[in-house]
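Engineer: This structure is in structure tokens; I'll ask about it shortly.
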Amino acid sequence: MARIAGVNIPTNKRVLIALQYIHGIGPKFAKEICEKVSIPAERKVNELSDAEVLQIRETIDRDYLVEGDLRREVAMNIKRLMDLGCYRGLRHRKGLPVRGQRTHTNARTRKGPAKPIAGKKKA
């Protein structure tokens with residue numbers, strides 16, 4: 001099992017798909033990495049040599065922001081908005097949708113499960 005950027009990537013999948021298991025690498029970056037290291041997209045992870053895995057690891061470390069560093073940066077960006085007290089920061093603080101979605105109905109993902117209101121009868 002290949003370990004890249006602190007993530008065990010699946011061995012029986014194609015390199016292009018397996019790289020996407022790393023947080024911060026999607027289809028575009030996975031293809032870009034394969035081209036930089038000159039690995040064919042159809043190649044499976046278990047067919048890679050140790051040298052190729054090392055090349056992939058070095059490329060990712062050098063050129064991309066992934067896993068812990070990326071999560072930390074996103075969290076810092078959200079914290080900055082909250083500290084500023086701007087509209088988006090207030091929405092983050094209250095746990096409401098940030099990007100203009102309606103909250104009268106729906107928005108259950110951000111608001112959590114519906115809380116029953118005492119004294120309200122079902123009509």
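The values are calculated or read from the model by the stated rules, or taken from the named source; none is laboratory data. For clarity, every value in this text was computed on a predicted model and none was experimentally measured. We place every Cβ from the backbone using ideal geometry, glycine too, and count neighbours over all the protein chains shown. With ligands, DNA and RNA removed, areas are computed over all heavy atoms of the protein, side chains included. Shrake-Rupley method; radii C 1.70, N 1.55, O 1.52, S 1.80 Å.
Engineer: For residues that are closer than 29 Å to Ile22 by Cβ and open to solvent by 100 Å² or more (accessible area, probe 1.4 Å), tally how many sit in region 71-100.
Structural biologist: 7
Engineer: Select from region 101-123 the residues that are open to solvent by 100 Å² or more (accessible area, probe 1.4 Å) and of a type in the set (Val, Ile, Thr) and write down the one among them that is nearest to Ala75 (Cα to Cα).
Structural biologist: Thr109
Engineer: Right, here's the next one. Return yes when Ile25 is of a type in the set (Val, Ile, Thr), within 30 Å of Arg93 (Cα to Cα) and assigned to a helix (DSSP H, G or I) and no when it is not.
Structural biologist: Values: of a type in the set (Val, Ile, Thr): yes; within 30 Å of Arg93 (Cα to Cα): yes; assigned to a helix (DSSP H, G or I): no.
No: the conditions fail for Ile25.
Engineer: Might you check whether a residue that is touching a residue at least 24 places away in the same chain (Cβ under 8 Å), assigned to a loop (DSSP other than H, G, I, E, B) and open to solvent by 60 Å² or more (accessible area, probe 1.4 Å) occurs anywhere in region 38-53? Step through it out loud before you land on a result.
Structural biologist: So the first thing to find is which residues in region 38-53 are touching a residue at least 24 places away in the same chain (Cβ under 8 Å), and the list is 39, 41-46, 48, 53.
Subset that is assigned to a loop (DSSP other than H, G, I, E, B): 39, 41-43, 48.
Restricting the remaining residues to those that are open to solvent by 60 Å² or more (accessible area, probe 1.4 Å) gives 42-43.
Checked region 38-53: at least one residue is touching a residue at least 24 places away in the same chain (Cβ under 8 Å), assigned to a loop (DSSP other than H, G, I, E, B) and open to solvent by 60 Å² or more (accessible area, probe 1.4 Å).
Engineer: Moving to a separate point now. Read through the list (1) open to solvent by less than 70 Å² (accessible area, probe 1.4 Å); (2) of a type in the set (A, V, I, L, M, F, W, C); (3) farther than 19 Å from Ala2 by Cα, then give the number of the only condition that Ile25 fails.
Structural biologist: All conditions are met except number (3).
Engineer: Check whether at least one residue in region 7-16 is assigned to a helix (DSSP H, G or I), at pLDDT 90 or above and within 14 Å of the chain's Cα centre (by Cα), and report yes or no. I'd like the intermediate steps shown before the answer.
Structural biologist: Here is the first cut: in region 7-16, the ones assigned to a helix (DSSP H, G or I) are 15-16.
Okay, now just the ones that are also at pLDDT 90 or above, so 15-16.
Of the ones still in play, those that are also within 14 Å of the chain's Cα centre (by Cα) are none.
Scanning region 7-16 turns up no residue that is assigned to a helix (DSSP H, G or I), at pLDDT 90 or above and within 14 Å of the chain's Cα centre (by Cα).
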